[in-house]
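One structure is given here, and the rest of the page talks about it.
The values are calculated or read from the model by the stated rules, or taken from the named source; none is laboratory data. Nothing here was measured: the structure is a model prediction, and the numbers come from that model. With ideal geometry, Cβ positions are generated from the backbone for all residues, glycine too; neighbour counts draw on all protein chains shown. Each accessible area value is taken on the protein alone, full model and side chains, heavy atoms only, with ligands, DNA and RNA left out. Shrake-Rupley method; radii C 1.70, N 1.55, O 1.52, S 1.80 Å.
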Amino acid sequence: MATTRTDPSRGRRLHRRHDRSFRPKRTPTALHLLMNIFAEFHAVLAKSLDALVAEGKLPAGLDLSRAVVEPPRDITHGDLSTNAALVLSKGAKMKPRDVAELLSAKLAADPRIAGTDIAGPGFVNMKLKPEIWRDLARSILTLGEKFGDGTMGGGKKVNVEYVSANPTGPMHVGHCRGAVVGDALAALLEKTGHDVTREYYINDAGAQVDVLARSVHHRYREALGENVGPVAEGLYPGDYLKPVGAALATEFGTKYQTAPEAEWLTLFRERAIAAMMDLIREDLKALGVVHKVFSSEKNDIVGKGRVNEAIEYLKSRDLVYTGVLEPPKGMKPEDWEPRPQMLFRATQFGDDVDRPLAKSDGTWTYFAADMAYHLDKYRRGFERLIDVWGADHGGYVKRVDAAVKALSEGRATLEVKLCQMVNLLDKGEPVKMSKRAGTFVTLRDVVDEVGADVVRFVMLTRKQDQHIDFDFAKVREQSKDNPVFYVQYAHARHRSAFRQAKANFADLDTSDAALAKADLSRIGDADELALLRMLSGYPRILEAAAEASEPHRVAFWLYDLASTFHALWTRGNADPSLRFVLPEDRETTLARLALVRNVGITVASGLRLLGVTPAEELR
RNA sequence: GACCCCGUAGCUCAGCUGGAUAGAGCACUUGCCUUCUAAGCAAGUGGUCGCAGGUUCGAAUCCUGCCGGGGUCGCCA
């Protein structure tokens, strides 16, 4: 396996490239926009190190790639902390504390650093001048929701394929996790400077779409008034096919009522798939998910001979052969019989066994088509492919990874994000669902009932490889168990503070531009500065989340931010002098509104990234 | 049998890709509304990070082996 998650060198490399390339440019005329404080001070650290090398106090060629500048766990340790001395001591052949002494003295000379000290085994802690936080506040007001935009991706093309539900019916709740995770991941990658394409793969070439066509034919006859009885075993029984059958009845009358299957199968299949895709697109739209590209297995891959091309390519590399697979050990398939098959040498690329490409009836396996599809993505210029799948497809990862490696000669990378199951519950009791029996809860039902905001946020309150319990009773409650309200409430409160300000100062200019000019030296309370310090972590969180492909981190961070803001807000209850709006003090009000607006901008940015509406008010 | 994921407070889960004294919500105990919307806040109780080794200045995090739970395993998609 060589996916991103298991390749330890990958993250490091990206970090370093980003950090090194970040050189704050100071233009005397414009305000220097503080974007990522940690990246900036990593640059300061590198400069200090260079100086120490030039002075001969440290040897040249030290590897700074493992050194990080981060917020200390405990704020009494200062604003920034670096492990540089610990990381460098070995290469410098010095004790960590001694390296720390040198770095500490050098860093203390930076005009923006108020002081440094050494702690523990050799951490260097830095205390920044409060003016830094006020610069940050002004920067956020100037940037607006661009705050947090990053260049980490370097404009690189990334293809994110997600949902890709079979076109045999409306989406059920189980699909919505992948939809939300994929969508948020795509947004996150865009925010961090990637050129993202959101894509959906339509599995419309298999046997199941023929079943769909037959199911529609049943509904068609039904619509013509024929007494067809219940839907036959093995067909899709859902009512959602009735309108499709009815439309065909209107259009073609009795033409295909008794005709042999061969006469209508293709037509009915195409109409049915088109109708189902319309349905699915509507469902996705209700959830706020919009794909840019829909690739059809049948029309874009198989029909265009892409599978043949892929196989021919592999054959030319001697990666295809005819062989007989061993039955899997430990389980005894009853109908197992050894059979020669066309196989792809997946084992040469890290898979456990070689994989079949053709079925016994001569048609391609799903894998063969999927392989060709991934080659198609690569040929469209994507060297980074991300697929979001359900965890039940976990056993399929290695072979597609092997295929991508083989077909791109190692130039393309595939990351598969597996989303664990969503356990659907009602008051703690499992809800039974069966698509074949037609008893399943649709995504639409859930979205209509609790709203897209709640569905989306809940789906992001777990790491994707962790199970989620989605309990209707709880989600319906719209109580404080629902973290989405907690975060939205922070945004609503920020709006409320502005309404309050207008009520007290009718003529007050509270535009972001005006707030950026406020006298921010009036922001001095420890909790106020702590809030700004927290906001400074936003770009950092986005980068880390993007690098790990873990959008849930943004949701958790927003929750923490909301918590910090609520705490500050509530202090005003006990001590009116700490309120944001002070009817007696226009200037301080303006400064505090600037702070509040910083929170509002950042919460809105984060929520929008996750596809959740920043609420104006919650009542 | 093989492969993948998970195991952290009573419960549900985070833990910033190896850092300092392991965090949050729920639950439980105790306070805060003549209100900048209390859908909120503050404090307290609660941990052998599944077990055992290893790697190093340092491990919940990385490696190995076990234990427990889930998922998957030729011609379904």
Task: Lone unmet requirement of (1) crowded, with 19+ Cβ neighbours inside 10 Å; (2) modelled with pLDDT under 90 for residue A:427 - done: (1)
Open item on the list: I need the full set of residues from region A:230-244 which are among the charged types (D, E, K, R) and in a loop (DSSP other than H, G, I, E, B), in order please.
Closed with: A:233
TODO: Considering each residue of region A:53-76, count those that are near RNA strand B (Cβ under 10 Å from one of its atoms) and touching a Lys or Arg at 6+ places or on another chain (Cβ under 9 Å), and give that number.
DONE: 3
- [ ] Working only within region A:563-581, note down all residues that are aliphatic (A, V, I, L, M) and either surrounded by fewer than 18 Cβ atoms within 10 Å (Cβ to Cβ) or in contact with a strand residue (DSSP E or B) (Cβ under 6 Å, 6 or more places away or on another chain) (or both).
- [x] A:567, A:574, A:578
Task: Residue selected from region A:66-104 under the condition under 12 Å from residue A:49 (Cβ atoms) and open to solvent by 20 Å² or more (accessible area, probe 1.4 Å), by the criterion modelled with the lowest pLDDT - done: A:91
TODO: Sort out which residues of region A:147-182 are modelled with pLDDT of 95 or more, outside any loop (DSSP other than H, G, I, E, B) and open to solvent by 20 Å² or more (accessible area, probe 1.4 Å), and write them in order of number.
DONE: A:157
- [ ] Could you tell me which numbered condition residue A:50 fails, if it satisfies all but one of (1) more than 11 Å from RNA strand B (Cβ to nearest atom); (2) touching a residue at least 12 places away in the same chain (Cβ under 8 Å)?
- [x] (2)
TODO: Give me the pairs, please: first residue somewhere in region A:490-511 and in contact (Cβ under 8 Å) with a residue 12 or more places away in the chain and near RNA strand B (Cβ under 6 Å from one of its atoms), second residue anywhere and open to solvent by 50 Å² or more (accessible area, probe 1.4 Å) and of a type in the set (Gly, Ala, Ser), beta-carbon distance under 6 Å, and either six or more positions apart or on two chains.
DONE: none
Task: In region A:180-201, the residues that are of a type in the set (A, V, I, L, M) and within 16 Å of RNA strand B (Cβ to nearest atom) - done: A:180, A:181, A:184, A:185, A:188, A:189
TODO: Give region A:546-562 a look and list any residue that's open to solvent by 10 Å² or more (accessible area, probe 1.4 Å) and small (Gly, Ala, Ser), or say none.
DONE: A:548
TODO: Return the pairs, sorted by first residue and then second, in which the second residue is outside any helix (DSSP H, G or I) and open to solvent by 50 Å² or more (accessible area, probe 1.4 Å), the first residue lies in region A:140-166 and is within 22 Å of residue A:540 (Cβ to Cβ), the beta carbons are less than 7 Å apart, and the residues are 6+ apart or on different chains.
DONE: A:142/A:31; A:142/A:33; A:143/A:33; A:155/A:195; A:156/A:195; A:158/A:195
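Matching residues to (1) in contact with a helix residue (DSSP H, G or I) (Cβ under 7 Å, 6 or more places away or on another chain); (2) without any contact (Cβ under 8 Å) to a residue 12 or more places away in the chain; (3) more than 25 Å from residue A:550 (Cα to Cα):
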position: A:362; (1), (2), (3): no, yes, yes
position: A:365; (1), (2), (3): no, yes, yes
position: A:368; (1), (2), (3): yes, no, yes
position: A:375; (1), (2), (3): yes, no, yes
position: A:378; (1), (2), (3): yes, no, no
position: A:391; (1), (2), (3): no, no, no
position: A:395; (1), (2), (3): no, yes, no
position: A:399; (1), (2), (3): yes, no, no
position: A:410; (1), (2), (3): no, yes, no
Open item on the list: Exactly one of these conditions fails for residue A:450: (1) open to solvent by 50 Å² or more (accessible area, probe 1.4 Å); (2) in contact with a Lys or Arg (Cβ under 7 Å, 6 or more places away or on another chain); (3) in the same structural domain as residue A:284 (by TED's automatic domain parsing). Give me its number.
Closed with: (1)
Task: Options A:247, A:262, A:272: the member that is open to solvent by less than 50 Å² (accessible area, probe 1.4 Å) and either part of a helix (DSSP H, G or I) or aliphatic (A, V, I, L, M) (or both) - done: A:272
TODO: Any residue in region A:337-352 that's in a helix (DSSP H, G or I): show its pairings with residues that are open to solvent by 70 Å² or more (accessible area, probe 1.4 Å) at Cβ separation under 9 Å, as long as the two are six or more apart or on different chains.
DONE: A:346/A:352
- [ ] Show the residue pairs that are 6+ apart or on different chains and have beta-carbon atoms under 9 Å apart, the first residue being within region A:525-546 and closer than 15 Å to residue A:597 by Cα, the second being of a type in the set (Asp, Glu) and assigned to a helix (DSSP H, G or I).
- [x] A:534/A:560
